[in-house]
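See structure below.
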Amino acid sequence: MKKLLFQLDTDAHPAAFDAVVAYDGGADHVIGHGGVTPDNVGPLVEGAIFTRAPKDKKNTALFIGGSDLMAGQELLKAVKKKFFADFRVSVMLDSNGSNTTAAAGVAKLALSRALQGKKAVVLAGTGPVGKRAAVLLAREGARVSITSRSLSRAEQACQAMKERFGVELTPIEAVDNEARGAAIRDAHIVFATGAAAVKLLESRHWRNNRTLEMMADANATPPLGIDGADMMDRGAERDGKIVWGAIGFGTLKLALHRACIAKLFESNDVILDAEEIFAIAKTMV
Ligand SMILES: NC(=O)c1ccc[n+]([C@@H]2O[C@H](COP(=O)([O-])OP(=O)(O)OC[C@H]3O[C@@H](n4cnc5c(N)ncnc54)[C@H](OP(=O)(O)O)[C@@H]3O)[C@@H](O)[C@H]2O)c1
């Protein structure tokens, strides 16, 4: 029986990246739908849950993607609402690679040093990757702040993650590199999750920072988020800090994404969001 993955994307066009990884993760056929919303997803879910016998349902799965994590979260809610009894299929949420990227980065940081009780700052943490990275760091026991160029965007991000995961995050307004440098002054951990090709910190902001133990940077498009780091860094030591670059932990991110796709086809009742994807990441580091 063919393994079918329905790629439900909240953007107009289903992401090519997610389709490629879906095949590499073991799907035999990927059916992409763009512009999917809670209002129009119903028939797609019904088509997935009513078509195959109970023992065969594990061969159908759903993947939710798109650039808007909040829209993805709402779509996952709507999908789950359609499930009842054994009329369900496995589903994964990874809008903009948010869960797999954050999980891979935080798993590498956790491997390098304990996170419990540490002060962590997620720079430009209002995007999909930053929101999830903040959640995972907080769930590992760190005290986590999110910076944004706008206080209200930082507050909205913290509030949204509190509503979904019950974590307390602290919003910080940091309008430029100087302000972000000040925001990390007494931090132990920095995770830079700014948009591609946006430098968030100069090297002078972190090189002589005595509290700082570890840094990760998700941005692989020059200029990098953290000046003086290298995208290939795999736990490299720089000025006494452990550094993970975007490609350095990106290998795990891709392997994790593929492993999650494979997991969807093991049974028909798996739901993979931040917590579950992070648990899988921890088994792979
Ligand atoms: N390594 C990997 O495997 C992997 C996988 C997926 C994504 N990524 C990378 O991970 C990073 C985060 O992805 P994402 O989708 O979460 O990012 P995003 O939504 O594109 O951007 C994150 C935040 O960056 C801030 N920002 C945008 N332009 C800025 C500017 N000119 N100056 C300062 N801040 C700016 C914005 O925050 P405010 O407006 O609130 O300030 C925005 O919310 C990206 O660099 C992406 O390419 C890496």
(request) Calculate how steeply helix 274-284 sits against the longest principal axis of the alpha-carbon atoms of the chain, using the helix alpha-carbon long axis, and give the answer as 0 to 90 degrees to the nearest 10. (result) 80 degrees
(request) Working from Cα positions, state the angle (0 to 90°, nearest 10) between the long axis of helix 69-82 and the longest principal axis of the chain. (result) 30 degrees
(message) Please compute the contact order of segment 100-249 in relative form: average sequence separation of alpha-carbon pairs under 8 Å and at least six residues apart, divided by the residue count, as a percent.
(response) 21 percent
(request) At 25 °C and 0.890 mPa s, grab the translational diffusion coefficient of segment 225-275 from Stokes-Einstein with a Kirkwood Rh over Cα pairs, rounded to a whole number in µm² per second. (result) 190 µm²/s
(message) Computing the accessible area with a 1.4 Å probe over protein heavy atoms, can you report the carbon and sulfur percentage for segment 203-285?
(response) 51 percent
(message) Rounding to the nearest 10 and keeping the result within 0 to 90°, find how far the Cα-based axis of helix 151-165 lies from the longest principal axis of the chain.
(response) 50 degrees
(request) From zero up to wherever the largest Cα-Cα distance of segment 59-212 sits, split into 10 Å bins and tell me the percent of pairs in each. (result) 11, 38, 32, 13, 5, 1
(message) Using a probe radius of 1.4 Å on heavy atoms only, what accessible surface per residue do you get for segment 4-93? Whole Å² is fine.
(response) 44 Å²
(request) List the relative contact order of segment 4-93 as a percent without decimals, with contacts defined as Cα pairs under 8 Å and 6+ residues apart. (result) 37 percent
(message) For a quick check, take a GNM of the chain with Cα springs below 10 Å and name the residue from Ala27, Ala78, Ala120 with the largest mean-square fluctuation.
(response) Ala78
(message) Over the chain, with a Gaussian network built from C-alpha contacts below 10 Å, which listed residue (Ala133, Ala255, Ala103) shows the highest mean-square fluctuation?
(response) Ala255
(message) Explain nothing, just the number: relative contact order of the chain, from Cα pairs under 8 Å at least 6 residues apart, as a whole percent.
(response) 19 percent
(request) Take the eigenvalues of the Cα gyration tensor for the chain, scale each by 5, and report the square roots as semi-axes in whole Å, largest first. (result) 35, 18, 16
(message) Using the Kirkwood formula on the Cα atoms of segment 1-72, what hydrodynamic radius do you get, in angstrom to one decimal?
(response) 12.5 Å
(message) What's the magnitude of the charge dipole for the chain around its Cα centre, counting Lys and Arg as +1 and Asp and Glu as -1 at the beta-carbon? Answer in Debye, nearest 20.
(response) 580 debye
(request) For the chain, with a Gaussian network of springs between Cα atoms less than 10 Å apart, report the residue from Arg139, Arg164, Arg180 with the top mean-square fluctuation. (result) Arg164
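The values are calculated or read from the model by the stated rules, or taken from the named source; none is laboratory data. Predicted model only: the values in this text are computed from it and were never measured. Cβ sites come from the backbone with ideal geometry, for glycine too, and all protein chains shown count toward neighbours. Ligands, DNA and RNA are excluded from the accessible area calculation, which covers all protein heavy atoms including side chains. Shrake-Rupley method; radii C 1.70, N 1.55, O 1.52, S 1.80 Å.
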